[in-house]
Amino acid sequence: MKNKKILILLTLSIILLNLISGIVGGVGGYFLAKELNTNPVNNVVESNVSNIDLINNESTIINVVEDVGDSVVSVIIRADTPKFSGFGYRSSETVERQIGSGSGFLISEDGLIVTNRHVVSNENAKYSVILSNGEEVEATVLARDTLLDIAFLDIEGNNYKPMQLGSSDDIKVGQTTIAIGNALGEFSNSVSTGIISGLKRNIIAGGSFGASQELISDVIQTDASINPGNSGGPLLDINGKVIGVNVAVAADSENIGFAIPIDTVKDLIERLNEKGEIQRPILGVRYFQVNEAIQDELDLEVNYGAIIISGNNDPAVVENSPADLAGIQEGDIILEIDGEKIEGKKTLQSLVQEKYIGDSITVLVLTEKGNEIEFDVELFEFQVN
């Protein structure tokens with residue numbers, strides 16, 4: 001009986017010790033977690049939420065890609081090229097060959113396509129597009145913009161699926177981007193993802209395969225992979241709306257691509273729909289952009305603006321041009337267009353070509369006599385011969 005009581009006491013002691021150990025361990029774990037600013041239970045929940053978010057994000061991107069796939073096209077460039085004999089001799093005969101490719105995307109049900117100007121810059125070439133189903137359709141170049149690296153193609157047919165155009169004014173650095181295009185001219189509808197890395201960049205961009213270079217301003221920078229052949233394809237937000245047109249990849253770098261904001265392209269679409277072409281006004285002057293070096297060389301009063309000056313058998317002011325009819329003369333310095341100073345990347349040409357034919361603009365001029373005069377200039381359709 002005595003041994004039985006001892007056994008019971010020992011059992012109760014063990015149970016009590018385990019309870020105390022559990023309580024102490026739990027309290028210690030609580031304070032340790034508090035010290036580390038973590039909570040094991042919360043960590044598990046947060047980890048699950050993070051995984052769920054990742055899965056949801058991937059599903060969203062997959063859905064976007066599937067939804068817009070029929071709207072992205074590959075642009076094929078063909079031209080007559082010299083025919084060579086088996087010994088490498090150039091023949092007088094020609095043969096039609098593919099000489100390049102790019103990307104584009106549909107923006108209307110009746111076959112209007114956006115691409116880059118440098119993709120379709122060869123006026124002697126023939127163009128076609130390959131649809132998502134593999135069908136190749138002949139394409140006509142409707143318009144090439146003279147200011148932005150944007151062009152429009154047209155293909156026959158109806159009931160195409162156009163892309164939804166978003167807004168590039170609301171985009172933020174860090175938000176998710178999706179780029180789609182004919183990567184390297186070989187892999188149609190290639191998809192890459194990334195984020196917006198920067199806004200309002202200014203770059204020197206070239207064609208996909210050695211085309212000429214040009215300055216492009218106020219573009220979107222993204223780390224979504226953009227390769228030669230992607231030019232002209234869409235840059236999308238996470239909702240599948242177009243926020244930019246892929247235009248270039250930075251040379252000698254990895255994962256730095258650029259896109260023209262879609263809001264600037266919308267302006268061109270309006271011009272195209274109104275006139276059937278992209279019309280840009282011309283002021284009708286020959287000028288040099290004034291800077292400190294030009295100021296010192298010509299002993300000018302200002303270090304900005306555009307000085308009107310003749311040269312190379314070209315007149316300073318073209319006869320019967322908008323500038324001529326307004327009274328602007330050689331030697332005048334145009335300081336501002338509608339209150340915007342002409343300096344840096346704000347050139348006279350860029351400020352004028354933002355306007356429409358038919359617009360009236362206010363031009364602030366510093367005359368050779370040192371007087372500032374405002375001219376009202378009507379921008380009518382005018383061709384320099």
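Read-outs: derived from the displayed coordinates by stated rules, not from any lab. These figures come from a predicted structure and were not determined experimentally. Cβ atoms come from the backbone with ideal geometry, glycine included; neighbour counts cover every protein chain shown.
Would you calculate the volume per residue, in Å³, of the smallest convex hull containing every Cα atom of region 287-378? Present the calculation step by step, with values, prior to reporting the outcome.
Details: hull volume 9.0 nm³, N = 92.
Convex hull volume per residue, Cα atoms: 98 Å³.
Find the eigenvalues of the gyration tensor of the Cα atoms of region 343-382, then list the square roots of 5 times those eigenvalues as equivalent ellipsoid semi-axes, largest first, in whole angstrom. Show your work: numbers first, answer last.
Values: eigenvalues 84, 44, 10 Å².
The equivalent ellipsoid of region 343-382 has semi-axes of 21, 15, 7 Å.
Count charges around S132 for me, please; just the other residues with Cβ under 15 Å from its Cβ, Lys/Arg as +1, Asp/Glu as -1. Before the final figure, lay out the partial values.
Values: positive: K161; negative: E66, D67, D70, E135, E136.
Neighbourhood net charge equals -4.
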Between rounded, prolate and oblate, where does region 71-155 land on the alpha carbon gyration tensor, with a ≥ b ≥ c its root eigenvalues, rounded for a/c under 1.5, else prolate if a/b exceeds b/c?
-> prolate
Within 10 Å, count the other beta carbons around each residue, average over each peptide in 280-292, 68-80, and list them highest first.
-> 68-80, 280-292
Taking other Cβ within 10 Å of each residue's Cβ, how do T177, T367, T115 sort, fewest first?
-> T367, T177, T115
Taking neighbour counts of Cβ atoms within 10 Å as a proxy for exposure, in what order, fewest first, do V317, V114 appear?
-> V317, V114
Under 14 Å, Cβ to Cβ, from N159 - net charge with Lys/Arg +1 and Asp/Glu -1 | -4
Cβ under 11 Å from E372's Cβ, E372 left aside: what net charge do those residues give with Lys, Arg +1 and Asp, Glu -1?
-> -3
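So if I take the alpha carbon set of region 234-341, get Rg, then get Rh from the Kirkwood formula, what is the Rg over Rh ratio?
On the way: Rg = 20.0 Å, Rh = 17.7 Å.
Value, to two decimals: 1.13.
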Give a quick list of GluC sites (Glu not before Pro) in region 335-377 that DSSP marks as loop, anything other than H, G, I, E or B, with at most 15 other Cβ atoms within 10 Å.
-> E368
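Which peptide among 138-147, 259-268 comes first, and what is the full order, when sorted by highest mean count of other Cβ atoms within 10 Å?
Numbers: 138-147: 16.9, 259-268: 20.8.
In descending order of packing, they fall as 259-268, 138-147.
Rounded, prolate or oblate: which fits region 262-318, taking a ≥ b ≥ c as square roots of the Cα gyration tensor eigenvalues, rounded meaning a/c under 1.5, else prolate when a/b beats b/c? Before the final figure, lay out the partial values.
Working: a/c = 4.88, a/b = 2.06, b/c = 2.36.
Oblate shape, in that a/c is at least 1.5 and b/c is the bigger or equal ratio.
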